Amino acid sequence: MIEDKNQPRTQLENLGEFALIDHLTANFNITQKSTIKGIGDDAAVLDFGKKQAVVSTDLLIEGVHFDLSYMPLKHLGYKAVMVNLSDIYAMNAMATQVTVSIAVSNRFPLEALEELYEGIHTAASIYGIDVVGGDTTSSTSGLLISVTAIGEVVTGEAVYRSGAKPNDLLVVTGDLGGAYMGLQVLEREKEVFKVNPNNQPDLDQYTYIVERQLKPEARKDIVSLLKELDVKPTAMIDISDGLSSEIIHLCKQSNVGCDLYEDKIPLDPQVITTCEEFNIDSTTVALNGGEDYELLFTISQEDYPKIQANPNFSVIGYMQDVSAGMHLVTRAESKIPLKAQGWKSFNA
């Protein structure tokens, strides 16, 4: 479909900050009982009663975290929320509210921000969260988005990174490497487009991995599923920076070692075939790719029968005494020390 280059553009200075906020958030409704006061005052008011509050925040910057040449604004709004909800679910908590702040340059008309907020609204609707505040300001360097997520957890039920014990099993949800390979496909097509703007990308054979990059899903379902199975992880983290980095975080904060088995790492067939096409090792992609937003956690061996037959989970290793170190056990049964080679914020 050819984009209409003559779409109407409403300049933001025609509205002003408060009218802009009112316009962008007019369709956001309150659904959570804990939301006493949302958008429209100096601060949101939340009441969690006997539960504990969980708060996480992330900042996404154009040119560092996203590229608008292939990231639709609606998808960006959705993803910005997912990134933060994933942190809440990684605490074994349920997300209830978010605040959204943006800094935007004058190259963005109102209609562009409407697209962004449509994605935010879609995420809020699907995941049952309230948008309760935020801020808008100007930017001289493109678009910046800051989302703060707030959640609740019953006192004593929060899961930290520091609770893993030797002999615990290491478990991951879903499959890994898709988001990174989706990014490689999009970057390649961007370069092709630069050479020949008339060339339209054919992404049909990459649908799954492109979606993993442009529209990730936070694993809210896992928090509920673990409760149904009567399994409380001993430690948990979300996979945003690559599997190896997250395992190292768990090991260091829990003061344990780990053996990760290469042949147990879950990979989607589309990831494998695309890795072959790009001549990239699929294990390397799973270890270092990042942005999968799956959950990585440890459980006691006594809980293994409860998850054994569940397709949402893959047991990929086990925790050892700290003196054993952290290793990848290859298919050839050799041991390689794990290294954190995933996303590094200040090397971008």
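The values are calculated or read from the model by the stated rules, or taken from the named source; none is laboratory data. Since we're looking at a predicted model, the values are computed, not measured. With ideal geometry, Cβ positions are generated from the backbone for all residues, glycine too; neighbour counts draw on all protein chains shown. Note: areas computed on protein heavy atoms with side chains; ligands, DNA, RNA excluded. Shrake-Rupley method; radii C 1.70, N 1.55, O 1.52, S 1.80 Å.
Going through the range 206-247 one residue at a time, which ones are open to solvent by less than 20 Å² (accessible area, probe 1.4 Å) and of a type in the set (Val, Ile, Thr)?
Ile209, Val210, Ile222, Val223, Val231, Ile237, Ile239, Ile247 - these are the residues of the range 206-247 that are open to solvent by less than 20 Å² (accessible area, probe 1.4 Å) and of a type in the set (Val, Ile, Thr).
Looking only at helices (runs of 4 or more DSSP H) that fall completely inside the range 257-317, which ones have 2 or more residues that are of a type in the set (A, V, I, L, M, F, W, C)?
Correct list: 269-278, 282-288.
Determine which member of the set Thr122, Thr173, Thr155, Thr140 is surrounded by fewer than 18 Cβ atoms within 10 Å (Cβ to Cβ) and touching a strand residue (DSSP E or B) at 6+ places or on another chain (Cβ under 8 Å).
The conditions single out Thr155.
For the range 176-194, what are the residues that are of a type in the set (Val, Ile, Thr) and either touching an Asp or Glu at 6+ places or on another chain (Cβ under 8 Å) or surrounded by fewer than 19 Cβ atoms within 10 Å (Cβ to Cβ) (or both)?
Val192 - this is the single residue of the range 176-194 that is of a type in the set (Val, Ile, Thr) and either touching an Asp or Glu at 6+ places or on another chain (Cβ under 8 Å) or surrounded by fewer than 19 Cβ atoms within 10 Å (Cβ to Cβ) (or both).
Within the range 24-71, work out how many residues are surrounded by 15 or more Cβ atoms within 10 Å (Cβ to Cβ), in a loop (DSSP other than H, G, I, E, B) and modelled with pLDDT of 90 or more.
Qualifying residue count for the region: 3.
As an exercise: evaluate Ile272 against (1) closer than 20 Å to Lys165 by Cβ; (2) surrounded by fewer than 17 Cβ atoms within 10 Å (Cβ to Cβ); (3) among the aliphatic types (A, V, I, L, M) and give the number of the one condition it does not meet.
(1)
Results for (1) under 25 Å from Leu226 (Cα atoms); (2) open to solvent by 50 Å² or more (accessible area, probe 1.4 Å); (3) without any contact (Cβ under 8 Å) to a residue 40 or more places away in the chain; (4) among the aromatic types (Phe, Trp, Tyr), shown as yes or no for each residue.
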| residue | (1), (2), (3), (4) |
| --- | --- |
| Pro266 | yes, no, no, no |
| Glu276 | no, yes, yes, no |
| Asp292 | yes, no, no, no |
| Leu296 | yes, no, no, no |
| Pro305 | yes, yes, yes, no |
| Ala309 | yes, yes, yes, no |
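Can you work out which of the residues in the range 10-23 that are part of a loop (DSSP other than H, G, I, E, B) and at pLDDT 80 or above is surrounded by the most Cβ atoms within 10 Å (Cβ to Cβ)?
Only one residue fits best here, namely Thr10.
Quick one: would you say Ile145 is of a type in the set (A, V, I, L, M, F, W, C), open to solvent by less than 10 Å² (accessible area, probe 1.4 Å), within 30 Å of Asp47 (Cα to Cα) and in contact (Cβ under 8 Å) with a residue 40 or more places away in the chain?
Against the criterion (of a type in the set (A, V, I, L, M, F, W, C), open to solvent by less than 10 Å² (accessible area, probe 1.4 Å), within 30 Å of Asp47 (Cα to Cα) and in contact (Cβ under 8 Å) with a residue 40 or more places away in the chain), Ile145 qualifies.
Hey, can you tell me all the residues within the range 158-170 that are crowded, with 20+ Cβ neighbours inside 10 Å and aliphatic (A, V, I, L, M)?
Residues satisfying the conditions are Val159, Ala164, Leu169, Leu170.
Would you please list the contacts, defined by Cβ atoms under 7 Å and residues six or more apart or on different chains, that run from a residue in the range 57-83 that is closer than 17 Å to Thr122 by Cβ to a residue that is part of a loop (DSSP other than H, G, I, E, B)?
Between residues of the range 57-83 that are closer than 17 Å to Thr122 by Cβ and residues that are part of a loop (DSSP other than H, G, I, E, B), the close pairs are His75/Lys215; Tyr78/Lys215; Lys79/Lys215; Lys79/Pro216; Met82/Pro216; Met82/Glu217; Met82/Ala218; Met82/Tyr293.
Tally the residues that are aliphatic (A, V, I, L, M) and open to solvent by 20 Å² or more (accessible area, probe 1.4 Å), restricting the search to the range 125-137.
1
Would you point out the residue of the range 91-107, among those that are in contact with a Gly (Cβ under 9 Å, 6 or more places away or on another chain), in contact (Cβ under 8 Å) with a residue 60 or more places away in the chain and surrounded by fewer than 24 Cβ atoms within 10 Å (Cβ to Cβ), that is nearest to Val159 (Cα to Cα)?
Met91
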